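Step one of this worksheet: look at the structure below.
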């Protein structure tokens, strides 16, 4: 098993982690990294920064990332918070959610696509609506406000929140 961890510092102090191995489990990164998978991976990936799935990679995982570039094979759902790129050698079997999508000719995608819009965190939404966070959690948990459950937290699409706020004012 080969696990290469390369770190170099530039202006942004970018961290690069490259995995050339067969791995299983959950990988979660709280700091932005440039993660490159070049082998087999089974489990769950939650990364900030850029996640690259190499052309020879075979991944069975649900993936959450900011920027995701796929050149290999994935079985699982992908949530790319900023952008998802499917390269010509990509084969994706699963649902995808992203605000920006680039499918290069030759890529294979089988699943549903949900184009996310401007996403608000619960803190952003509390400030935007001028509502306390516990009240927002209650609204989200009971389904009274449009929300996306992500792990232990919540995310909100701005356009859906604006529509909800408009309809809620009309009802008041």
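The values are calculated or read from the model by the stated rules, or taken from the named source; none is laboratory data. Here the structure is a predicted model, which is why all the values come from computation and not from measurement. For neighbour counting, all protein chains shown are included, and Cβ atoms are generated from backbone atoms with ideal geometry for every residue, glycine included.
A few notes on this one:
- Considering region 55-66, and only residues there that are without any contact (Cβ under 8 Å) to a residue 60 or more places away in the chain and buried (at least 20 other Cβ atoms within 10 Å of the Cβ), the residue that is farthest from residue 157 (Cα to Cα) turns out to be 57.
- Only a single criterion out of (1) assigned by TED's automatic domain parsing to the domain that holds residue 54; (2) out of contact with any strand residue (DSSP E or B) (no Cβ under 6 Å at 6 or more places or on another chain) is not satisfied by residue 90, namely (2).
- When residue 70 is tested against the conditions (1) at negative phi; (2) over 10 Å from the mean Cα position of the chain (by Cα); (3) surrounded by fewer than 18 Cβ atoms within 10 Å (Cβ to Cβ), the lone failure is (3).
- Filtered residue count, region 76-104, keeping only those that are at pLDDT 95 or above, surrounded by fewer than 16 Cβ atoms within 10 Å (Cβ to Cβ) and in a strand (DSSP E or B): 2
- Residue that is modelled with the highest pLDDT, among those in region 122-140 that are closer than 26 Å to residue 65 by Cα and surrounded by fewer than 14 Cβ atoms within 10 Å (Cβ to Cβ): 133
- For region 141-156, the set of residues classified as modelled with pLDDT of 85 or more and surrounded by 10 or more Cβ atoms within 10 Å (Cβ to Cβ) consists of 141, 144, 145, 146, 147, 148, 149, 153, 154, 155, 156, listed by residue number.
- Residue in region 27-41 that is at pLDDT 90 or above, assigned to a strand (DSSP E or B) and within 15 Å of the chain's Cα centre (by Cα) present: yes
- Top-ranked residue of region 105-121 - restricted to ones that are closer than 16 Å to residue 70 by Cα and in contact with a strand residue (DSSP E or B) (Cβ under 7 Å, 6 or more places away or on another chain), ranked as surrounded by the fewest Cβ atoms within 10 Å (Cβ to Cβ): 110
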